[in-house]
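The values are calculated or read from the model by the stated rules, or taken from the named source; none is laboratory data. Since the model is a prediction, treat every value here as computed from it, not as a measurement. Virtual Cβ from ideal backbone geometry, glycine too; neighbours counted across all protein chains shown.
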Protein chains: 2
Amino acid sequence: MSKDERVKPSQPGGFNDYGPAPMIARTRMVDTIRRTYELFGFQPLDTPCVEFAEVLLGEGGDTDKEVFRLVSPEEDKELALRFDLTVPLARYVAANTDLLLPFKRYQIGLVFRGEKPQAGRFRQFMQVDADIIGARVGLADAEIIAVTVGAMEALGIERFVVRINDRKVHEGLAEALGIQTRGSLPRGELVNELLRVLDKLDKIGRDGVRAELARKPEHENDRSLKLSAAQIELVDRFLDIAGDNSAKLDQVAGMIRGETGKEGVAELRAILSHLRDLGVNESRVRVDLAVARGLAYYTGPVLETTLSDLPEIGSVASGGRYDDMIGRFHANPIAAVGTSIGLDRLFDALGKLNLVPLVESEVDALVVVFDAALLPRYLNTVGELRRAGISAEVYLGSDSGFKAQMRYGLRKGVKHLVLCGEDEIAKGGVQVKDLAARQQEFVKAEELIAYLQKKKA
Amino acid sequence: MSKDERVKPSQPGGFNDYGPAPMIARTRMVDTIRRTYELFGFQPLDTPCVEFAEVLLGEGGDTDKEVFRLVSPEEDKELALRFDLTVPLARYVAANTDLLLPFKRYQIGLVFRGEKPQAGRFRQFMQVDADIIGARVGLADAEIIAVTVGAMEALGIERFVVRINDRKVHEGLAEALGIQTRGSLPRGELVNELLRVLDKLDKIGRDGVRAELARKPEHENDRSLKLSAAQIELVDRFLDIAGDNSAKLDQVAGMIRGETGKEGVAELRAILSHLRDLGVNESRVRVDLAVARGLAYYTGPVLETTLSDLPEIGSVASGGRYDDMIGRFHANPIAAVGTSIGLDRLFDALGKLNLVPLVESEVDALVVVFDAALLPRYLNTVGELRRAGISAEVYLGSDSGFKAQMRYGLRKGVKHLVLCGEDEIAKGGVQVKDLAARQQEFVKAEELIAYLQKKKA
């Protein structure tokens, strides 16, 4: 091909390759999370990456998500790439009316964000979700929190905390603050604004929150809350609440107003009690009154997961209850609660914390092509090893010198070289070189499989 | 949400959901293929679903692939969804110039075809590929065929055959037929036309092939070959070649012309010899002179895999050597050969052959909520079972009658119900009901874990 016809082998920003070492580590992580979800009784589901845009965005075309739209060969309806696994789950549940409920499903899938490329932003990433459909608030929420804790523990993460709260508690705070419908702005939108500001606490700090809460609206549709000093003081006291989970909830109960708020406190108390009964380590779950979750679709308990050594990266596993979403698709709303582990962010974080061992391969044996005339014998050996479940290969490169083969074995992270020339044949065996231990010993041909199996174990 | 705002939970054609039972089966299949690839020394790689369109299609914009293009927030270059895993691999190899060669990589990934929806056509499907980059023809091709056979055998498929051929053998046939440059049509394009017609043998039969070969060109750029009766007779004799692999190659050698054709025969002989040395069952691999593979990028040995009981569905694992592709991206062409298992087609086929056992879940124990007051105790049990590696759950539905819980357990395919009321507590244990065996027995509390573990084994 001429130089003019050649294409630069480049990639769009935010779309990443994962070579062998990160892929081996990521696959282990996904397998570990999958096993945890299965241990908790979740069943797998797969839905495609492509959905009708109206399914993802709703009739009106929700604008807070940036989706990739496809140039579609269909004429009638626009296609788009999913931005999460939750909306497709809601579509699946609404479409499959004979589904067995409660439905505990997990899903491992790629999601896409149709934004412009920016440094450090993924535009394709993997989510590993577990959701429970058709179970009312309480025990199901505890299960979702427990499986999140279980997955983090199974991944070998020791320093993390799942922070929980309840949207209804914030509703009780809004009630205590006396937030009301204002002009054409419904009360719900102003309560959402309160949640939005509280959710930014980690980023903007307490002073930032105070300033945003005090800000005056500049036009009729501006949701700024214009809270008074006395109101802001109440928010401050709310955020100051300290102590163990039980003590916090006692104080919250005395500060909020209205039935919904009380329900929120009762829900959190019940969830904590269920978690104790399930044997979840109490230090893993903390009531955090600042947790609000930005997404408007949550309706009850919410959760975020922070790595204690990397709080600045934000939550690595988040979720909550979204009892209204399936109602987007059919008349019977169905209760729903879930958790989503962001694999890419978690993988990067565990890398920073040196919690991800990287290996290039797990090949047990490279049979060196020592003497080309003996190739049939080398291939016999490779075939026998594989049939015994031992990962093995023969060197395929054209530079057949021993050095090149040794370098290949070392760079690929092969565990053993198997060497065999006329001398070894005369003695009825092979030399086995352990590349990590830098040791070599003679092994009889008939003992090679047992020898390598023993070293695997 | 009002009825007007509701969205129909529908899906575009060719994009499929997989519920729990098919997903459990598919995941097992993928895991089995993955383990086979690892056993053969292949390393995992992941590349994203989205690439620059020019990378996928080449500078000119290859038109025989229908790709989904994205409405992209980038201004400069068009984005598209990949249609296979091979072109992204070539891009990866070209971009990573320090890659260790030979590179034996496997990849499990979704690919997309941007065609209009048609009955029975997938527009998203999964490919499970293994490729060897940087190894010349011969042993590497044998490895690719061996790993294809290995994966099919590991999947428990008994009746299949990998059919192999070599593009160079067809070149030798073209030479024997005396195919030459014609007007503005280069000889290579006419040889490709010969391959295209031979590739259709399964679909159009021998008469169809004869008719297509005899067809006269209707305009200057028409590639129709207009073969004479004598030429067609030669093609017939070529396709009539029978016998075992060795006998076939002997006859081919006597019929074709030119150095390239001879090389092709020698390549196939060497591959068959390596496969014997690797211990691959000879009945698994058959020289089939009609195998041509439609894709223009193959340059040497090619393979297709047919299920003996479902030949009509076409190949379930295909591949070959494509030594020129990486040259699309940089000046140094790098040798390459690979195989691709089409998971969706294979999954459907194995389903038709009743080779895919379907289970809804693998939950070991559903702890029945027999008495709401005992919920803490039930949760204790669930937590203990999970910590011992036994998949367990407590019923989360609101209809807490025993019948509803029993129905849930049966429909979900749970293996055991664990029942505990005041009587069982008094006796210090639980009733365990095996739903498949329809047997129930009393098990002491301290023996429950061992009891269920023993039944798992």
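This table checks each residue for (1) at pLDDT below 95; (2) farther than 19 Å from residue B:146 by Cβ; (3) within 22 Å of the chain's Cα centre (by Cα).
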| site | (1), (2), (3) |
| --- | --- |
| B:294 | yes, yes, yes |
| B:301 | no, no, yes |
| B:305 | no, no, yes |
| B:327 | yes, yes, no |
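Might you let me know whether segment A:236-253 holds any residue that is out of contact with any helix residue (DSSP H, G or I) (no Cβ under 8 Å at 6 or more places or on another chain), of a type outside the set (A, V, I, L, M, F, W, C), under 30 Å from residue A:216 (Cβ atoms) and assigned to a helix (DSSP H, G or I)?
The answer is yes; a qualifying residue exists.
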task = Check off (1) more than 7 Å from every other protein chain (Cβ to nearest Cβ); (2) surrounded by fewer than 22 Cβ atoms within 10 Å (Cβ to Cβ) for residue B:112 and give me the number that stays unchecked.
result = (2)
task = Could you check residue B:227 against (1) in a helix (DSSP H, G or I); (2) closer than 18 Å to residue B:261 by Cβ and say which number it fails?
result = (1)
query = Among (1) crowded, with 16+ Cβ neighbours inside 10 Å; (2) more than 27 Å from residue A:39 (Cα to Cα); (3) of a type in the set (Lys, Arg), which single condition is residue A:91 missing?
reply = (2)
ask   = Does residue B:320 count as out of contact with any His (no Cβ under 8 Å at 6 or more places or on another chain), in the same structural domain as residue B:286 (by TED's automatic domain parsing) and on the phi > 0 side of the Ramachandran plot?
value = yes
task = Under 8 Å between Cβ atoms, at least 6 apart or on separate chains: pull out the pairs that start in segment B:387-410 with a residue that is at the interface with chain A (Cβ under 9 Å from one of its Cβ atoms) and aliphatic (A, V, I, L, M) and end on any residue that is part of a strand (DSSP E or B) and surrounded by fewer than 22 Cβ atoms within 10 Å (Cβ to Cβ).
result = none
ask   = Within segment A:81-132, how many residues are modelled with pLDDT of 95 or more, of a type in the set (Asp, Glu) and more than 26 Å from residue A:13 (Cβ to Cβ)?
value = 1
request  = Can you confirm whether segment B:270-284 contains a residue that is part of a strand (DSSP E or B) and on the phi > 0 side of the Ramachandran plot?
outcome  = no
query = Within the group A:249, A:198, A:268, which residue is buried (at least 18 other Cβ atoms within 10 Å of the Cβ), at pLDDT below 95 and in the same structural domain as residue A:300 (by TED's automatic domain parsing)?
reply = A:198
ask   = Across segment A:393-431, which residue is surrounded by the most Cβ atoms within 10 Å (Cβ to Cβ) among those that are hydroxyl-bearing (Ser, Thr, Tyr) and under 10 Å from residue A:370 (Cβ atoms)?
value = A:395
task = Quickly run through segment A:12-58 and pick out the residues that are in a loop (DSSP other than H, G, I, E, B) and either within 7 Å of another protein chain (Cβ to nearest Cβ) or out of contact with any Lys or Arg (no Cβ under 9 Å at 6 or more places or on another chain) (or both).
result = A:12, A:15, A:16, A:17, A:19, A:40, A:41, A:45, A:47, A:48, A:49, A:58
inquiry  = Let me spell it out: the conditions are (1) touching a strand residue (DSSP E or B) at 6+ places or on another chain (Cβ under 6 Å); (2) among the aromatic types (Phe, Trp, Tyr); (3) closer than 23 Å to residue B:51 by Cα, and residue A:37 meets all of them except one. Which number is the exception?
reply    = (3)
task = Please work out which one of (1) in a loop (DSSP other than H, G, I, E, B); (2) over 30 Å from residue B:92 (Cα atoms); (3) of a type in the set (D, E, K, R) is the condition residue B:348 fails and give its number.
result = (1)
note = Screening B:178, B:205 for residues that are surrounded by fewer than 19 Cβ atoms within 10 Å (Cβ to Cβ), closer than 18 Å to residue B:288 by Cα and out of contact with any Asp or Glu (no Cβ under 8 Å at 6 or more places or on another chain) leaves only B:205
task = Please enumerate the residues belonging to segment B:150-166 that are part of a helix (DSSP H, G or I) and either modelled with pLDDT under 95 or crowded, with 22+ Cβ neighbours inside 10 Å (or both).
result = B:150, B:151, B:152
query = Among (1) touching a residue at least 12 places away in the same chain (Cβ under 8 Å); (2) away from chain A (no Cβ under 13 Å); (3) in a helix (DSSP H, G or I); (4) surrounded by fewer than 18 Cβ atoms within 10 Å (Cβ to Cβ), where does residue B:450 come up short?
reply = (1)
remark   = Quick count over segment B:374-422, residues being part of a helix (DSSP H, G or I) and within 21 Å of residue B:442 (Cα to Cα), is 20
inquiry  = When you check residue B:145 against the structure, is it under 28 Å from residue B:235 (Cβ atoms), within 15 Å of the chain's Cα centre (by Cα) and surrounded by 19 or more Cβ atoms within 10 Å (Cβ to Cβ), yes or no?
reply    = yes
In segment B:66-80, residue nearest to residue A:69 (Cα to Cα) [restricted to those that are more than 7 Å from chain A (Cβ to nearest Cβ) and in a loop (DSSP other than H, G, I, E, B)] = B:72
ask   = If you check residue A:132 against the conditions, is it in a strand (DSSP E or B), in contact with a helix residue (DSSP H, G or I) (Cβ under 6 Å, 6 or more places away or on another chain) and crowded, with 16+ Cβ neighbours inside 10 Å?
value = yes
ask   = Does residue A:87 count as in contact (Cβ under 8 Å) with a residue 24 or more places away in the chain, within 30 Å of residue A:353 (Cβ to Cβ) and either at the interface with another protein chain (Cβ under 10 Å from one of its Cβ atoms) or outside any loop (DSSP other than H, G, I, E, B) (or both)?
value = no
Qualifying residue in segment B:312-331 (condition: more than 9 Å from every other protein chain (Cβ to nearest Cβ), aliphatic (A, V, I, L, M), under 21 Å from residue B:26 (Cα atoms) and not in a loop (DSSP other than H, G, I, E, B)) = yes
message = Condition first: of a type in the set (A, V, I, L, M) and either without any contact (Cβ under 8 Å) to a residue 60 or more places away in the chain or not in a strand (DSSP E or B) (or both). Can you find one or more residues in segment B:295-307 that meet it?
response = yes
